[in-house]
Amino acid sequence: MFGNQARPKACFTLWLGLQQRLLTADRLLKWGLEATKICVLCNRVPENHEHLFVLCPVARTLWARILTWSNKGMFNVVHWEDFMKWSVASSKGKGQQAQICKMIINAEVLHTLWRERNQRIFEKKSVTVERLAKDLAYVCTVRAPTGSQVLVQNFSF
Ligand SMILES: [Zn+2]
C-alpha cells in the first residue's frame with residue numbers, strides 16, 4: 001500500500017490516520033489529557049479523525065479542489081468507514097500510474113490537513129484553504145510519476 005511516491009512523512013500520516021492513531025482531541029481527552037476540543041480548522045465541531053479528514057468544511061473544500069483539479073471525480077464520502085474503503089480502493093486501481101497518483105493525493109491531503117491543524121494549535125499560524133490547495137497541487141505535481149499528464153497539465157486553479 002505504501003509503495004507510492006508521496007513524501008515519506010505524508011505516507012506516515014496516512015498510515016496513522018487510517019488507523020485513527022493520530023493524536024486528535026477525542027483521543028487525548030480519552031486519556032485525560034488537556035486538548036483543544038473543537039476542530040481548529042472550522043472552529044465548530046469536536047475534533048476526531050472522521051471530522052478532521054472527512055467532514056470538516058475545510059477538509060471537504062480541499063478534497064473537492066484537489067480531486068477536481070486532478071480529474072479524479074467528486075469527494076462523496078461522508079462516513080469514516082466509506083473513507084477507509086475509498087482510500088484502500090484508491091491503492092488498488094488498475095493502471096499503476098493512476099494508482100500512484102491517487103495514493104499521492106490521498107497521503108498528501110491527510111498530511112496537509114494534519115500539518116495545518118498542528119500549526120494552528122501549536123504555532124498559532126494559519127493559511128487559507130486556497131493556499132493549502134495550491135501547495136498541495138504543487139507537491140502532487142512534483143511527486144507524480146513522469147507521464148502523469150493529468151496532474152501536470154492542469155497545474156493551475
Ligand atoms: Zn472542522
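Values in this text are rule-based calculations from the coordinates and carry no lab data. Values in this document were obtained by computation on a predicted structure and should not be read as measured data. Note that each Cβ is placed from the backbone with ideal geometry, even for glycine, and that neighbours are counted across all protein chains shown.
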Please compute the length gained on full extension between ARG44 and LEU16, using 0.36 nm multiplied by the number of residues separating them and subtracting their Cα-Cα distance. 7.7 nm
Between PHE122 and LYS9, what is the label-to-label distance in nm when each label sits 7 Å out along the Cα-to-Cβ direction? 1.0
For the stretch 42-59, what does the Karplus curve 6.51 cos²θ - 1.76 cosθ + 1.60, with θ = phi - 60°, yield as ³J(HN,Hα) per residue in whole Hz, taken in order and with x for Gly and Pro? 10, 6, 10, 10, x, 8, 8, 4, 4, 5, 4, 9, 10, 9, 4, x, 5, 4
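Figure the gain on full extension for VAL78 and GLU130 (residue separation times 0.36 nm, minus the Cα-Cα span) and round it to one decimal in nm. List each step's numbers first, then the result.
Values: separation 52, 0.36 × 52 = 18.72 nm, distance 2.18 nm.
Once the chain is fully extended between VAL78 and GLU130, it gains 16.5 nm.
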Return the long-range amide H neighbours of LEU23 (sequence gap of 5 or more, or a different chain), with a cut-off of under 5 Å between placed amide H atoms. none
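Using mean Cβ contacts within 10 Å as the protection proxy, how do 35-42, 58-65 order, highest first?
Working: 35-42: 17.2, 58-65: 19.6.
The most tightly packed comes first, giving 58-65, 35-42.
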Rounded to the nearest 0.05, what FRET efficiency is calculated for TRP31 and ALA64 with R0 set to 22 Å and r the Cβ-Cβ distance? 0.05
Can you give the net charge of the other residues whose Cβ lies under 15 Å from the Cβ of PRO8, counting K and R as +1 and D and E as -1? +3
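Where does the charge balance sit around ASN76 when Lys and Arg score +1, Asp and Glu -1, over other residues with C-beta under 14 Å from its C-beta?
Neighbour charge sum, excluding ASN76 itself: +1.
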Along the stretch 138-144, Karplus-curve 3J(HN,Hα) (6.51, -1.76, 1.60; θ = phi - 60°) to the nearest Hz, with x for Gly and Pro, reads 5, 4, 4, 5, 5, 7, 5
Can you tell me how much longer the chain between ALA89 and TYR138 gets when fully stretched, taken as 0.36 nm per residue apart minus their C-alpha distance, in nm with one decimal? 15.2 nm
